[in-house]
Amino acid sequence: MDISYKTQRLLLRTLDVTYYQQILHFLKSNCVLFERFERDKPSDYYTPEYQHQAVEYEYQLIKKKQHLRLFVFLHSNPDKIIGTVSFSNFKHFPTRTCEIGYKFDPDFHHQGYALEAVEKALDIIFSEYNMRRVNAYIQPSNTPSLNLVSNLGFTRKELIQNYAEIQGISRDHYLYVLDSPYR
């Protein structure tokens, strides 16, 4: 099952275990940036074995429509992962909500790729997965992410103190929400 979407400049695709080495390379090459904003990882996270299992697990959840991770590629280079957009913690009837996460290689920041990819992914999660609301949890210091969700029309709801442990420290996060335009 290969799910693929196109935007003006990008390809958004699900990937199966045959791509675990590419995924591992993307994560390892960008770990310094990503780890500033993500929950702490297991000690074996950056190993081929861990990533192989993680990709297989996510792929099975995607087939059941319980998770969605789309890997982002440029049309001009469909073999290099430049980012991901994912939706997790699906809550189906009656609330139909999920959480969004995204990460992009810093070489592709400030070019509108994240906005383009996330905009398309949101359309997919609302129209094809019938979600009614998407939640985003963002650290107050993550200005690029705060700007992105603001540009996408998310609304800030509250500050949640000590929401997640990042680099061994409990950190506050803002909760942002976006309601489906298909309601």
Exercise. Could you list, in their original order, any pairs among LYS120/LYS157; LYS80/LYS157; LYS28/LYS91; LYS28/LYS65; LYS28/LYS157; LYS6/LYS157 whose Cα atoms are separated by more than 29 Å?
Key: LYS80/LYS157; LYS28/LYS91; LYS28/LYS157; LYS6/LYS157
Quiz item: Just how far, in whole angstrom, is the range 1-50 from the range 98-153 if you go by their alpha carbon centroids?
Solution: 16
Quiz item: With each run of n ≥ 4 DSSP H residues scored as -39500 (n - 2.57), what mean residue ellipticity at 222 nm is computed for the chain after dividing by its residue count and rounding to the nearest 500 deg cm²/dmol?
Solution: -9000 deg cm²/dmol
Quiz item: For the range 1-93, what is the accessible area per residue in Å² when the probe is 1.4 Å?
Solution: 56
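Taking the Cα centre of the range 1-141 as origin, sum charge times position over the Cβ atoms of Lys and Arg (+1) and Asp and Glu (-1), and report the length of that vector in debye to the nearest 20. Please list the in-between numbers first.
On the way: 18 positive and 17 negative charges, 103 e Å.
About 500 debye.
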Quiz item: Which percent of the accessible area of the range 100-155 is formed by carbon and sulfur heavy atoms (probe 1.4 angstrom)?
Solution: 42
Exercise. Please name which of TYR176, VAL32, LEU68 has its Cα lying farthest along the dipole of the chain towards the positive end, using unit charges on Cβ (Lys, Arg +1; Asp, Glu -1) and the Cα centre as origin.
Key: TYR176
Quiz prompt | Sum of side-chain charges, TYR174 neighbourhood, beta-carbon under 15 Å (Lys, Arg +1; Asp, Glu -1) | solution = 0
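The values are calculated or read from the model by the stated rules, or taken from the named source; none is laboratory data. A quick note: this is a predicted structure, and the numbers were derived from the prediction, not measured. FYI the Cβ positions are ideal-geometry reconstructions off the backbone, even for glycines, and counts take in every protein chain you see. Note: areas computed on protein heavy atoms with side chains; ligands, DNA, RNA excluded. Shrake-Rupley method; radii C 1.70, N 1.55, O 1.52, S 1.80 Å.
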